[in-house]
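To keep things clear, I will list the structure first and then write my remarks on it.
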Amino acid sequence: MVELIIVSHSVKIGEGIRDLMKEMAPSVPIHVASGLEDGSIGTDVTRILEAIDAIENEALILTDIGSATMNAELAVDMYEGEKTIQFFDGPIVESAFVAAVSSGNGMNVSQIVDQLKMA
């Protein structure tokens with residue numbers, strides 16, 4: 001099952017997206033790497049790498065804007081593990097919905113990215 005990593009500048013937005021997606025696809029693991037360590041607004045590549053380290057399968061990273069995207073791309077470049085990690089740059093809520101439902105229906109990460117590109 002594809003796991004999702006939500007990267008937003010706001011912890012509340014990241015957690016809200018996770019909560020909403022859990023209503024749609026309760027079995028899909030969703031990790032939140034949003035906000036800074038002290039809870040303030042921002043993104044941190046270290047938090048994204050920690051979320052990547054926490055996954056058990058393949059994962060898809062979704063971001064909101066600006067530096068979240070830059071840090072997600074950097075985290076993917078820095079990742080040295082064996083798991084398949086992909087990033088998709090699209091509207092975060094809509095992309096999370098398509099990805100969560102598709103993952104819950106057994107699609108792999110490449111199939112999900114293809115679905116997102118068509119949406």
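The values are calculated or read from the model by the stated rules, or taken from the named source; none is laboratory data. Note that the structure is a prediction, hence the values are computed from the model and not measured. Cβ placement follows ideal geometry from the backbone for every residue including glycine, while neighbour counts extend to all protein chains displayed. Calculation scope for accessible area: heavy atoms of the full protein, side chains included, ligands and nucleic acids excluded. Shrake-Rupley method; radii C 1.70, N 1.55, O 1.52, S 1.80 Å.
Restricting to DSSP loop positions (anything but H, G, I, E, B) with no more than 13 other Cβ atoms inside 10 Å of their own Cβ, which GluC sites (Glu not before Pro) remain in the range 25-119? Counting only loop positions with at most 13 other Cβ atoms within 10 Å, the GluC sites (Glu not before Pro) in the range 25-119 are GLU37, GLU56, GLU80, GLU82.
Electrostatic bookkeeping for SER27 treats Lys and Arg as +1 and Asp and Glu as -1; over the other residues with beta carbon under 14 Å from its beta carbon, the sum is -1.
Of the listed values (i) -0.35, -0.92; (ii) -0.41, -0.93; (iii) -0.42, -1.04, grab the one calculated as log10 I(q)/I(0) by the Debye sum over Cα atoms at q = 0.12, 0.19 Å⁻¹ from the structure here. The value computed from this structure is option (i).
Fully extending the segment from ASP114 to VAL93, taken as 0.36 nm per residue of separation minus the present Cα-Cα distance, adds 5.9 nm. Axis of helix 92-104 versus longest Cα principal axis of the chain: the two differ by about 40°, to the nearest ten degrees. With the chain treated as a Gaussian network of Cα nodes joined by springs under 10 Å, which of LEU20, LEU62, LEU49 yields the largest mean-square fluctuation? Greatest mean-square fluctuation among the candidates belongs to LEU20. Extension gain, SER67 to THR84, is 3.9 nm, computed as 0.36 nm per intervening residue step minus the present C-alpha separation.
Per residue, the accessible area of the chain comes to 51 Å², computed with a 1.4 Å probe over protein heavy atoms only.
Count charges around ALA68 for me, please; just the other residues with Cβ under 13 Å from its Cβ, Lys/Arg as +1, Asp/Glu as -1. After counting each charged neighbour, the total is -3.
Measuring nothing but protein heavy atoms, the accessible surface of the range 32-109 at 1.4 Å probe radius is 50 percent carbon and sulfur.
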